[in-house]
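Below is one structure; the comments refer to it alone.
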Amino acid sequence: MTVHYYTSSSLDGFIATDDHSLDWLLTQDIDDEGPMAYASFEKSIGALAMGASTFEWVMRHERGRWGYTQPTWVFTHRDLDLPPGADIRVVQGDVADVHPDMLAAAGGEDLWIVGGGDLAGQFADAGLLDEVWVQYAPVTLGSGAPLLPRALDLELLEVARNRAFLCGRYRVRRG
């Protein structure tokens, strides 16, 4: 079982604009069935973790529909409107305290840190992040939510081109 941070980034290292928009990403050319694309990655995921800003963006983008079947933990300190019938658990505090429940719910499948970068950093700080997958889009944003606001030592495992994207998969080195 692997804990992945799978995301897209601008070339200058931002995953969202200052106002948490991903509109810049949705205009880019990618093959949804191509190398290192979301469709095949998502099939291996048993549970998800995300921050409140990511959750709210998904809900806005999907017009209130929840598309994930996997149990999802949303880390936040604020109240959220949850879609009916979705397996969403709103939590706060240390990611290490919630991690065992996430592993159990994943049923032997992998865990995906959807976003944001700070949440992935919290998993890394706790020694719980195994891999970082980044699809680099051919844009710069100048500012916004950073890809991963932590110092990490990574080992490149795989690289691919998916149309306009340069894709990399990295192992988090520990110690």
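In debye to the nearest 20, how big a dipole does the chain give about its Cα centre with +1 on each Lys and Arg Cβ and -1 on each Asp and Glu Cβ?
Dipole magnitude for the chain comes out near 140 debye.
What whole number of Å gives the distance from the Cα centroid of segment 90-108 to the Cα centroid of segment 51-68?
Between the Cα centre of segment 51-68 and that of segment 90-108, the gap is 20 Å.
To the nearest µm²/s, what D does Stokes-Einstein give for segment 1-67 at 37 °C and 0.692 mPa s, using the Kirkwood radius over alpha carbon pairs as Rh? Before the final figure, lay out each step's value.
Values: Rh = 13.7 Å.
Value of D from the Cα-based Kirkwood radius: 240 µm²/s.
In whole percent, and with a 1.4 Å probe on the protein chains, what portion of the accessible area of segment 16-175 is carbon and sulfur? Could you put the intermediate results ahead of the total?
Working: 3990 of 8320 Å².
So the carbon and sulfur contribution to the accessible surface is 48 percent.
I want to verify the translational diffusion coefficient of the chain in µm²/s; compute it with Stokes-Einstein, Rh as the Kirkwood radius over Cα pairs, at 10 °C and 1.306 mPa s.
Answer from the Stokes-Einstein relation: 96 µm²/s.
Give, in nm to one decimal, the length gained when the segment between A151 and F41 is fully stretched (0.36 nm per residue of separation minus the Cα-Cα distance).
Here the answer is 37.1 nm.
Quick check on the chain: of the DSSP beta bridges with both residues there, what percent are antiparallel, nearest 5%?
If we restrict to bridges inside the chain, about 40 percent are antiparallel.
Can you work out ³J(HN,Hα) from phi for every residue in segment 23-40, in order, using Karplus 6.51 cos²θ - 1.76 cosθ + 1.60 and θ = phi - 60°, giving whole Hz and x for Gly and Pro?
After applying 6.51 cos²θ - 1.76 cosθ + 1.60, I find 4, 4, 7, 6, 9, 7, 8, 9, 8, 4, 10, x, x, 6, 7, 4, 4, 6 Hz.
Once amide H atoms are built 1.01 Å from N in the peptide plane, which residues 5 or more positions from V91, or in another chain, come under 5 Å H to H?
V74, F75, T76
Net charge within 12 Å of M1 by Cβ-Cβ distance, Lys/Arg positive one each and Asp/Glu negative one each, not counting M1 itself?
-4
The values are calculated or read from the model by the stated rules, or taken from the named source; none is laboratory data. All of these numbers come straight from a predicted model, not from anything done at the bench. We place every Cβ from the backbone using ideal geometry, glycine too, and count neighbours over all the protein chains shown. We work out accessible area using only protein heavy atoms, side chains counted, and drop any ligands, DNA or RNA first. Shrake-Rupley method; radii C 1.70, N 1.55, O 1.52, S 1.80 Å.
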